[in-house]
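Have a look at the structure below, then the notes.
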Amino acid sequence: MRSKAELVRKTFSSWLTTKYLMIIRNEENFAEKTTVTFNYARILTIALLLFIVFFGLSMLMATTVLKQWLDPRHAQMTMNQEVLKLSLAVDSLVDEVDKKEMFIASFQKIVAGEDTVSEDFNERLVSVSNNQQATTDQEELAPVDSMFRREFETSGLDLLSIGTTDSDLQEVFLFSPIEGIVSDKYNPKGDHFGVDVVAKRNEPVKSVADGTVLMASWTQDAGYVMAILHSNNLISVYKHNSDLLKDVGAFVSAGEVIAIIGNTGELTSGPHLHFELWYNGNAVNPEEFVTF
C-alpha cells in the first residue's frame, strides 16, 4: 500500500507534467484559430526566467540611472567626490605656486648678489655640483653671474617648459630694448654675460617681447634691475636703470617701456644699459637676436 507522501508527490508531479491544450476559436462561428499545448512546469519555468530577468534589470536601473532618485546617499556621495577632486586640484595649485614663489625669491637674491639663499636652493646647488663636473671657467665666474646661471640650470627649467631647441629662439622676433652703440660685447670668459649699450640720457628701455615681470628691484652691483619671463624658455635682464616703471607680476607687451636708462650700481662707469638674454638656463649673445 502506497504511503500518503508518495501519493502527494505523484499527484504534484502529474499536475506539473500533465499536458493541456488551449484552443482559440472565433466567437461568432466557433471556427478554430490556433491551439497551444502547455503544462504547468513549462509555465512556472518561463515565469521564473522572466522574474530573474526583470529583477536583474531593476537592480541595474536602481544602481545606475535611477540611483540619484532611489538612493538617499547619492547626493552626499557625489558631493564628497567633487570635494575630493577640488581638494586635490587646490593642493596641486598650491604646490605650483609655492615652487614659483621660491624660484622667484631665489632669483631675486641671486641677481641682488646676496650670499644667503634658501636651504633648499643650497641643497640643489650641492646636488648639481656633485652630479656635474664644472669647468675652470665656470668656477671662476663672478659670484652674481655664477649663482644666477646655476639657479637657471637647476630651477629655471622647473618653471619653464622643456623641449625647445635653438631654432625655436631663432624664429622669435625680439624688439630692440634701446637704440644705441654697443660699448662692451658679450664675453662669458670675461664674466660679461650680456652687452652694454650706450644711449641718450633718459632714454626709455623697452621690453624685447611679451612677458611677465619676474624681478624689479635694486641691487648693489647692478642698481635698478628688471627681469622679464618670456615664452620659449627665454628671460631678458635689464641692469643699471635709473628708474623702473613696472612691478613684479605685471604683464608687459613687446616694445612697451619698462624702465629708464641710468648709471646705478657699483659695476658701472657711465650711463648705459646692460642687457642679457638667458635661454634654457644659459646666457646667449644678445647681438645674435637683437639689433641695437
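Observations, loosely collected:
- For residue 46 and residue 191, the difference between the fully extended length at 0.36 nm per residue and the C-alpha to C-alpha distance is 42.9 nm.
- Residue ranges 180-187, 233-240, 81-88, 275-282 sort as 233-240, 275-282, 180-187, 81-88 when ordered by packing (mean number of other C-beta atoms within 10 Å per residue, highest first).
- In the full protein context, region 188-238 carries 38 Å² of accessible surface per residue, based on a 1.4 Å probe and ignoring ligands, DNA and RNA.
- With 0.36 nm allotted per residue and the present C-alpha distance subtracted, the residue 87-residue 37 stretch has 11.4 nm of extension available.
- Measuring between alpha carbons in the structure, the pairs from 100/200; 100/246; 100/239; 99/246; 200/246 lying more than 27 angstrom apart are 100/200.
- For residue 102 and residue 231, the difference between the fully extended length at 0.36 nm per residue and the C-alpha to C-alpha distance is 44.4 nm.
- Here region 167-251 exposes an accessible surface that is 48 percent carbon and sulfur, computed with a 1.4 Å probe and the other protein chains kept in place.
- Prolate/oblate/rounded label for region 10-51 (Cα gyration tensor, a/c 1.5): oblate
- In nm, spacing of pseudo-spin labels at residue 20 and residue 182 (7 Å Cα→C-beta vector): 10.7 nm
The values are calculated or read from the model by the stated rules, or taken from the named source; none is laboratory data. What you see is a predicted model; the values in this text were computed from it and never measured. Because the Cβ atoms are built from the backbone with ideal geometry, glycine has one as well, and the counts that use them run over all protein chains shown. Accessible surface is based on the protein model in full, side chains and every heavy atom, while ligands, DNA and RNA are left aside. Shrake-Rupley method; radii C 1.70, N 1.55, O 1.52, S 1.80 Å.
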